[in-house]
Amino acid sequence: MAANTLRQWFSTPLGQYLLEKERAYLDEVTPDIFGFHAIQLGMPEVDLLRENRITHKLRVGRDDSPDLVAQCHELPIATHSIDLVVLPHVLEFAAEPHAILREVDRVMMPEGRLVIVGFNPWSLWGLRSALGFSRDQVPWNGRFLSLLRVKDWLALLGFDVSAGRLIGYAPPFDREKLRRRFGFMEPAGDRWWAVGGAVYMLQAIKRVRGMRLITPAWQEKSAREKGVIAAAKREGHAPTKPAAHLRIVK
């Protein structure tokens, strides 16, 4: 029976195969991310932050009993208040994925960490989605976004991509027995066809570029004079005193 929601699909053998790999990666990287507040946008039925040590964690969604019911592009969360955001399979099913990233940028603290999980269009899984014979079923009806496009959006928002990985190289066969026959593709794909993983896991850091403080003119003049004196001392020359400081003795 075809799945009508992403939650139903992840309960199928093919979905469980992929979810196991995604959770293994997140369980490995999220424990080293610290802060005060973390949120998971999407897939609230699965705790993808279970290994993270941040005390205050929320799963955000519109259904499946989330901790916070909200739209991903309109979060009732204060600006610059979140240290970690995990975004699993949200962008490919959103009408305006870049709007979600802008909202994520708004709520994140400077130097906050973002982890994006998305289907890779340049894979056998992306090929199945593009062929169209499953376009009315989840997750093949999503718009798979390329890794390069997501990186470009992040760069425009001031994020630096810090790490990443692709996972899932076996063909997307619904029958588990048939998929197991291609198990040899997992290690081979990671080594010889790294761009062909079913899912990319992308880590990024929100950067805040440095600002130059505008100081009064008299402070700038004083700083320049101090610089001249310091340079003269390094060269072994004493600075010449102004004429007004000389006293003529008759």
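The stretch between Val161 and Gln16, if pulled fully straight at 0.36 nm per residue, gains 49.4 nm over its current Cα-Cα span.
For Ala99, put the label point 7 Å out on the Cα→Cβ axis and report which residues of the stretch 71-85 keep their amide N under 13 Å from it. Those under the cut-off are 71-75. For the stretch 56-67, 3J(HN,Hα) computed residue by residue from phi via the Karplus equation (6.51, -1.76, 1.60; θ = phi - 60°) reads 9, 10, 10, 9, 10, x, 9, 8, 6, 6, x, 6 Hz, glycine and proline entered as x.
Based on every Cα atom in the stretch 120-160, Rg and the maximum pairwise Cα distance Dmax equal 12.7, 38 Å.
In the context of the full set of protein chains, residues of the stretch 23-146 present 45 Å² of accessible surface per residue (probe radius 1.4 Å, heavy atoms only). Over all Cα atoms in the stretch 118-186, the spread is summed up by Rg and Dmax: 14.6, 45 Å. For the pair His80 and Arg149, a Förster radius of 22 Å applied to the C-beta separation gives a FRET efficiency near 0.25, rounded to the nearest 0.05.
Residue-normalised convex hull volume from the C-alpha trace of the stretch 1-143: 113 Å³ per residue.
Any chance you could run the full-extension gain for Leu68 through Arg53? It's 0.36 nm times the residue separation minus the Cα-Cα distance, nm to one decimal. Could you put the intermediate results ahead of the total?
Values: separation 15, 0.36 × 15 = 5.40 nm, distance 1.97 nm.
Result: 3.4 nm gained on full extension.
Of the solvent-accessible surface of the stretch 1-144, computed with a 1.4 Å probe and all protein chains present, 51% belongs to carbon and sulfur.
Among the trypsin sites (Lys or Arg not before Pro) found in the stretch 133-214, those both in a DSSP coil and sparsely packed, with 15 or fewer other Cβ atoms within 10 Å of their Cβ, are Arg135, Arg143, Arg175, Arg181, Arg207, Arg209, Arg212. Whole-Hz Karplus values for the stretch 94-108 come out as 9, 5, 10, x, 5, 5, 5, 5, 5, 5, 4, 4, 5, 7, 7 Hz, taken residue by residue from phi with 6.51 cos²θ - 1.76 cosθ + 1.60 and θ = phi - 60°; glycine and proline positions read x.
The values are calculated or read from the model by the stated rules, or taken from the named source; none is laboratory data. Note that the structure is a prediction, hence the values are computed from the model and not measured. No Cβ is skipped: glycine too gets one built from the backbone with ideal geometry, and neighbour counts run over all protein chains shown. Side chains are part of the model used for accessible areas, which takes the heavy atoms of the whole protein and leaves out ligands, DNA and RNA. Shrake-Rupley method; radii C 1.70, N 1.55, O 1.52, S 1.80 Å.
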